[in-house]
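Notes to accompany the following structure.
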Protein chains: 2
Amino acid sequence: MKTSPNKSIERLSMYRRLLRESENEGTENVYSHDLADAAGCTAAQVRRDLMLVGCSGNPKTGYQVKGLINCICNLLDTPEGDSVALVGFGNLGKALLPFFAKHHKKLVITATFDSNPKKIGEISNGCECYSMESLKKVISEKNIKIAILTVPAEVAQEVAEQLIEANIQGILNFVPIPLQLKNNIIVENMHVEIALEKVAYLTRAANTITD
Amino acid sequence: MKTSPNKSIERLSMYRRLLRESENEGTENVYSHDLADAAGCTAAQVRRDLMLVGCSGNPKTGYQVKGLINCICNLLDTPEGDSVALVGFGNLGKALLPFFAKHHKKLVITATFDSNPKKIGEISNGCECYSMESLKKVISEKNIKIAILTVPAEVAQEVAEQLIEANIQGILNFVPIPLQLKNNIIVENMHVEIALEKVAYLTRAANTITD
């Protein structure tokens with residue numbers, strides 16, 4: 001299997017969301033330019049991305065919404081879904097849990113971890129909070145390969161290393177520090193603070209140019 | 001003022017975080033390669049980025065930590081700071097509020113908004129929750145130019161348009177749909193669901209290649 005380019009994967013995930021909305025509204029067919037308008041890219045890009053999932057449209061009727069969703073699901077999901085660990089059960093972790101413990105069908109948080117003894121044993125959204133000491137055991141038992149990291153910055157690198165030792169292979173990192181990990185580990189950063197600082201800077205810069 | 005490239009702004013924000021940690025640990029000087037190692041980029045890139053903020057190091061002693069932090073602050077912050085609106089006061093909004101209402105000195109959430117009447121008037125982290133009807137008035141009174149958007153997907157486009165009408169110029173968008181806005185509006189997307197789907201896919205793809 002050839003790894004599709006990262007940006008295509010992001011767009012396919014976005015198309016699927018948009019297609020599911022269209023399906024809910026009763027739409028049966030879409031054209032590449034409809035999807036391109038909604039996703040903010042070009043129709044040619046949509047067609048290239050959809051070729052990755054083995055779907056080609058009909059020039060007259062476009063793509064079948066239901067068929068297209070299935071094709072994207074076949075690429076992005078596994079039939080049985082993936083278990084996810086949420087590491088750091090503070091405010092942000094608690095905000096993310098309901099969505100990925102209940103609403104997302106294929107990426108399901110099945111264990112949360114925290115270093116605060118008061119939180120251990122707490123069950124939230126059907127999910128137990130475990131101690132950091134039991135990380136390796138629980139991750140192995142539940143066959144978890146992916147983790148969401150929402151711990152304080154001071155301990156993030158150390159916890160990330162523990163995750164790798166526990167055989168975690170992909171991390172969604174909310175901690176605003178760059179993790180220093182082996183190249184074969186997939187890390188996707190969600191740096192909220194950095195993103196907001198960038199928005200603030202660019203907003204000001206745009207004003208200065210307009211002035 | 002010339003707009004610096006987006007990626008440099010992200011890196012400068014990251015360097016500042018790392019430099020503040022070094023300062024707290026009592027470090028007075030750093031070399032570009034130290035910063036590059038910590039930030040996961042090259043020393044040449046660090047030097048180019050730091051030239052943007054008008055800082056050049058000494059080949060023997062490197063950069064002065066304190067001076068460098070000040071230079072980056074001069075570019076990224078305004079002396080008086082920026083007010084930020086948090087629109088959508090659900091779980092995610094509540095998780096983001098404490099950080100930007102109290103800990104961040106220059107980007108301060110000064111108003112939250114929600115459509116749920118029960119939340120209106122609630123004061124959390126020193127910040128009042130206002131109704132969507134008072135959006136324009138409060139944003140104008142508080143001279144807010146930046147918003148964090150954490151509303152449900154169904155209403156995101158409509159709320160984003162209301163924000164633009166209220167003269168918001170930059171949006172940090174947590175809603176996993178692409179906003180269709182005029183080109184002069186700065187939008188930075190934080191699509192958690194899409195990012196986690198990408199981590200899951202890439203983790204699986206890496207395994208398939210290794211097998």
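Of the residues that sit in the stretch B:72-121 and are polar (S, T, N, Q) and under 25 Å from A:PHE99 (Cβ atoms), which one is farthest from the chain's Cα centre (by Cα)?
Here is the first cut: in the stretch B:72-121, the residues polar (S, T, N, Q) are B:74, B:78, B:83, B:91, B:110, B:112, B:115-116.
Checking the rest, the ones that are also under 25 Å from A:PHE99 (Cβ atoms) come to B:91, B:112, B:115-116.
On the way: B:ASN91: 19, B:THR112: 17, B:SER115: 24, B:ASN116: 26 Å.
Residue satisfying both the conditions and the ranking: B:ASN116.
Evaluation of A:LYS94 against the conditions (1) touching a His at 6+ places or on another chain (Cβ under 9 Å); (2) under 27 Å from B:ALA95 (Cβ atoms) shows that the sole unmet condition is (1). Annotation for the stretch A:145-158: no member residue is among the acidic types (Asp, Glu), within 30 Å of B:ARG20 (Cβ to Cβ) and touching a residue at least 24 places away in the same chain (Cβ under 8 Å).
Could you say which residue among A:THR208, A:THR203 is among the polar types (S, T, N, Q) and crowded, with 17+ Cβ neighbours inside 10 Å?
Working: A:THR208 fails: crowded, with 17+ Cβ neighbours inside 10 Å.
Exactly one residue qualifies, and that residue is A:THR203.
In the stretch B:139-168, of all residues being outside any helix (DSSP H, G or I) and more than 12 Å from chain A (Cβ to nearest Cβ), the one that is farthest from B:GLY90 (Cα to Cα) corresponds to B:ASN143.
Look through A:ILE171, A:ILE177, A:ILE194 and report the one residue that is assigned to a loop (DSSP other than H, G, I, E, B) and within 19 Å of the chain's Cα centre (by Cα). It would help to see each step written out before you state the result.
On the way: A:ILE171 fails: assigned to a loop (DSSP other than H, G, I, E, B); A:ILE194 fails: assigned to a loop (DSSP other than H, G, I, E, B).
Going through A:ILE171, A:ILE177, A:ILE194 in turn, the sole match is A:ILE177.
The number of residues in the stretch A:119-133 being under 17 Å from A:ILE168 (Cα atoms), assigned to a helix (DSSP H, G or I) and in contact with a Phe, Trp or Tyr (Cβ under 8 Å, 6 or more places away or on another chain) comes to 1. Filtered by the rule that a residue be part of a helix (DSSP H, G or I), out of contact with any Ser or Thr (no Cβ under 8 Å at 6 or more places or on another chain) and farther than 10 Å from B:LEU86 by Cβ, the stretch B:99-118 gives B:PHE99, B:LYS102, B:HIS103, B:LYS118.
Residues that are closer than 16 Å to B:HIS104 by Cα and among the β-branched types (Val, Ile, Thr) were ranked within the stretch B:53-78; the one that is surrounded by the most Cβ atoms within 10 Å (Cβ to Cβ) is B:ILE72.
Here is a check on your reading of the model: is A:ARG20 in contact with a helix residue (DSSP H, G or I) (Cβ under 7 Å, 6 or more places away or on another chain) and either more than 13 Å from chain B (Cβ to nearest Cβ) or at pLDDT 95 or above (or both)? No: the conditions fail for A:ARG20. In the stretch B:55-69, is there at least one residue being modelled with pLDDT of 95 or more and within 19 Å of the chain's Cα centre (by Cα)? Yes; the residues of the stretch B:55-69 include at least one that is modelled with pLDDT of 95 or more and within 19 Å of the chain's Cα centre (by Cα). Residues that are β-branched (Val, Ile, Thr) and facing another protein chain (nearest Cβ under 7 Å) were ranked within the stretch B:178-208; the one that is nearest to B:LEU96 (Cα to Cα) is B:VAL192. Of everything in the stretch B:26-52, what is within 23 Å of the chain's Cα centre (by Cα) and either among the small types (Gly, Ala, Ser) or surrounded by 20 or more Cβ atoms within 10 Å (Cβ to Cβ) (or both)? Give them in sequence order. The answer is B:LEU35, B:ALA36, B:ALA38, B:ALA39, B:GLY40, B:VAL46, B:ASP49, B:LEU50. Within the stretch A:47-84, being hydrophobic (A, V, I, L, M, F, W, C), closer than 18 Å to B:GLU197 by Cβ and assigned to a helix (DSSP H, G or I) holds for A:LEU50, A:LEU52, A:LEU68, A:ILE69, A:CYS71, A:ILE72, A:CYS73, A:LEU75, A:LEU76. Of all the residues in the stretch A:115-134, those that are within 20 Å of B:LEU196 (Cα to Cα) and in contact with a strand residue (DSSP E or B) (Cβ under 7 Å, 6 or more places away or on another chain) number 1.
The values are calculated or read from the model by the stated rules, or taken from the named source; none is laboratory data. Source: prediction; values computed, not measured. In this analysis, Cβ positions are derived from the backbone assuming ideal geometry, glycine residues included, and neighbour counts consider all displayed protein chains.
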